[in-house]
Amino acid sequence: MECRPYKRQKTQECLALNFDTEVAKFEALPLPVLLLSLSNILLHPPTHRDYAKSLYLSTLSVLKVLEERNLDPDMECRAWTALAELGFRMGLGECGVESQVEIAITKAVSAESLKNHPTLRPYKVHLSILSSRISAFQQKPKLAQTTLKRLITSFLEPSDAPHLLYTAHLGHIASFTTNDASGSAVPTAQSLKAIETMHELASAKGHRGIVKLAAILRLQTLVQMGMWDAVQEALCEAEVLLALPQDSGKEKDSKVLAECAVTIAREERLVHESAFLVYVLVLGVLFYMHTGNASSVDARTKVLHEMLDGGVLERFGSGVVHIPFPHSQPLYIQITQPRVLMVLTFLITSVAKRDPVGRKPKRKLFAMEGLVVVEKELKKDPNLPLYASPLQVQAHFARLNALKADLIAELASVSIMRSEFGEAERHLAELIAHTRNSGTFNYFAARVTLLHAQLAHAIGDWQRAMNCYTVAAWLSRPNDERVKGEEEEDDGVEDAFLHAAARAGQVWLKLGLLRRDTFSQLQEGLLSEDELGAREEELKVREKEMKREGAEVVRMCEGMGSTLGAVASVLRSCLAEEFSVAKNQLRQALNSATLSTDNHLRALILALTASQYYDTAPEHAEAMLATAEQLAAGMGAQPRAPKGQLPLVQSQLHSQSPQPPSQQSTPQRQQAQAGSRANTPIRGARGAVDGVGNAPLRLWIGERSAELKRRAGDEEGARELDGVCVKLRGVVRRIGERGVGAGTPVRMAVN
């Protein structure tokens, strides 16, 4: 048996033919340096499968460094700082991590090298910010603010690197924010003072990038605090700094901005300036949407979408941009994650397009497209910075889930406006299921209930509508009306806008019921005098209570934007006892609704205004009724049918007289038959649809238009309108019989 051959011997001195002799001269790294470098070498994003393993190995390597004897003071400071950073990446809520981070920060700050070694001076800024963050986590905001204030006034000097100065100031600004019931950060008045301090420092040093950042922070803070009176000035200042054409809210200025949209969007800018411009455009849309200036909103949304179509979000990477400084390190800032910005743009555009009239209303289209985008993003791993923590991943998906809920709510809202009740029920069921699954039902409970109230109101289910309005107002009540310690899981959160809207709907419904009961009493002939007297006394008490509540709601709606402001004017006109006051209030409401292109509210205001001129100026009243009817019918307009199919039902009021049936061709006769079945769904490429629009409003308009024609002696036109009203009465009756689908999950919110 042969012996096993010897191992082949090495015949070359070098390990490889491309061996670099210079590398051989390098000395091995000291063990502490190598161990501290492992954190960067093993760095993985929080969505990586080996993320937990990398954190464990990094923490183990840092602890090994701290076990070394005779460790250099600067190396010890770096090790304690690395241990604190790893704790923040793990999450302060994990068992034992909070105490570990506190000890690490205390040890690092107390190191002698931090005070004496010049290269470790930046660690003081970094450790102070970490210390303020853990103080905020422990619900100690005053301590966090004091720590950073002491850092700015006692430690930092004007000669320090710019990125250190502004990092400390940004941390100081962030320390003044508080968390509301939904977990969102809300700034305070002290935030504005801290922003002004940073702005003055940047202006003195000539750092234009920081001046722009301070202007945008001030604008964002004012919007978040609801200080709308000061927003326009701050918005103009930010737009001037970013070289946007001046738009003072006038239509001619908005046209100039809209015409330059493509040029502005395609202009070459630094990455951080592009990010600033996106922020300013979004905040500008929010402001002018609040004030009800549709032309300014449209101009800014056009620029914003041109920038997004040009791929500006791809330049933001994972959401970290830097502001450069000459002869110094840049300042890195984290902005909103780019994909969240994409979904947010669809949402605010959908909300800004208030007009629900037309075959393809943009409000509905943008909401549908936004849902498609957010569904794709929820299935992807987020593109977050490598240093992000699992909490930031959760926050990212929480934002996307909240945006998805907002988009579904917009679809439900526009479906109710367009009398697409089946679609509205489906969207509301989807909204409840989504918010339950994502754990955000408490935040959306008031809005869900308010939408159900509006749906019930639209189909004539008065009792359900009243119950839902009451529950929505209770869920969105102010915090000072809530009893501490008695909060339930679905107790809702404070929302001033939803609360005012729910109360306004409640008063509007009470007003309608009161008018109905008053009219029915006048027609009662079977009641005795005592019964009639008791009935009159009851109605007087209800009217007095309703006027008191209406005045309270009017005061509540004032100053809450153009839509609620117009609602307040409508309520004030209905409660007024003088015609001149009612007409002036309706005129103000009509101007506001027209400026904001809110044609849903505009149709109602036109109908109410026409009733004021019904007896005094019939021609004027008839013209206003015709406009209102066109808007009401347009809220049922459907996409054009493909070739070869019949068009959907269109408006028949205030139209030309149809030809006699004997003179009509077969397609025309078929179209007339389709018009007689106004509530019957017509099958098309997009499923079952109808084109009736707001049938109750159209019926009311038709009855009064017919009466005006009789007064003018046009009996033929009156008979035609009477025929249309018969069909619309059938539609209204079937809508009332329909009700809300049985077993709708909204009962969870109402109960």
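The values are calculated or read from the model by the stated rules, or taken from the named source; none is laboratory data. Since the structure is predicted, the reported quantities are computational estimates derived from the model, not experimental observations. With ideal geometry, Cβ positions are generated from the backbone for all residues, glycine too; neighbour counts draw on all protein chains shown.
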Q: Filter the range 41-60 down to the residues that are β-branched (Val, Ile, Thr) and outside any loop (DSSP other than H, G, I, E, B), then identify the one that is farthest from residue 87 (Cα to Cα).
A: 41
**Q.** Cβ-Cβ under 9 Å pairs, at least 6 apart or on other chains, the range 14-40 side over 21 Å from residue 58 (Cβ atoms) and at pLDDT 75 or above, far side among the charged types (D, E, K, R) and not in a helix (DSSP H, G or I)
**A.** none
(Q) Given (1) within 23 Å of residue 692 (Cα to Cα); (2) more than 26 Å from the chain's Cα centre (by Cα), identify the lone condition not met by residue 617. (A) (1)
(Q) Among the listed residues 120, 127, identify the single one that is under 22 Å from residue 78 (Cβ atoms), crowded, with 17+ Cβ neighbours inside 10 Å, under 39 Å from the mean Cα position of the chain (by Cα) and not polar (S, T, N, Q). (A) 127
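Give, as residue ranges, the helices (runs of 4 or more DSSP H) completely inside the range 199-263 that count at least 2 residues that are in contact with a helix residue (DSSP H, G or I) (Cβ under 6 Å, 6 or more places away or on another chain) and under 26 Å from residue 166 (Cα atoms).
208-225, 231-241
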(Q) Residue under question is residue 299, and the condition is that it be at pLDDT 90 or above, touching a helix residue (DSSP H, G or I) at 6+ places or on another chain (Cβ under 7 Å), closer than 20 Å to residue 347 by Cα and part of a helix (DSSP H, G or I); does it hold? (A) yes
**Q.** Subset of the range 412-422 (residues that are over 22 Å from the mean Cα position of the chain (by Cα) and in a helix (DSSP H, G or I))
**A.** 421, 422
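What residue, among those in the range 271-299 that are over 30 Å from residue 564 (Cα atoms) and in contact (Cβ under 8 Å) with a residue 60 or more places away in the chain, is surrounded by the fewest Cβ atoms within 10 Å (Cβ to Cβ)? Steps first, please.
So in the range 271-299, the residues over 30 Å from residue 564 (Cα atoms) come out as 271-276.
Still in the list and also in contact (Cβ under 8 Å) with a residue 60 or more places away in the chain: 272-273, 275-276.
On the way: 272: 22, 273: 19, 275: 24, 276: 23.
Here the answer is 273.
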Q: Would you tally the residues in the range 414-447 being closer than 26 Å to residue 732 by Cβ and β-branched (Val, Ile, Thr)?
A: 2
Q.
Can you pull out every residue in the range 50-104 that is under 22 Å from residue 392 (Cα atoms) and polar (S, T, N, Q)?
A. 54, 58, 59, 81, 99, 100
Q.
Can you list the helices (runs of 4 or more DSSP H) lying wholly within the range 64-175 that have 1 or more residues being at pLDDT 90 or above and touching an Asp or Glu at 6+ places or on another chain (Cβ under 7 Å)?
A. 121-137
Q: Say whether the condition of being among the aliphatic types (A, V, I, L, M) and more than 32 Å from the chain's Cα centre (by Cα) is met by at least one residue in the range 226-248.
A: no
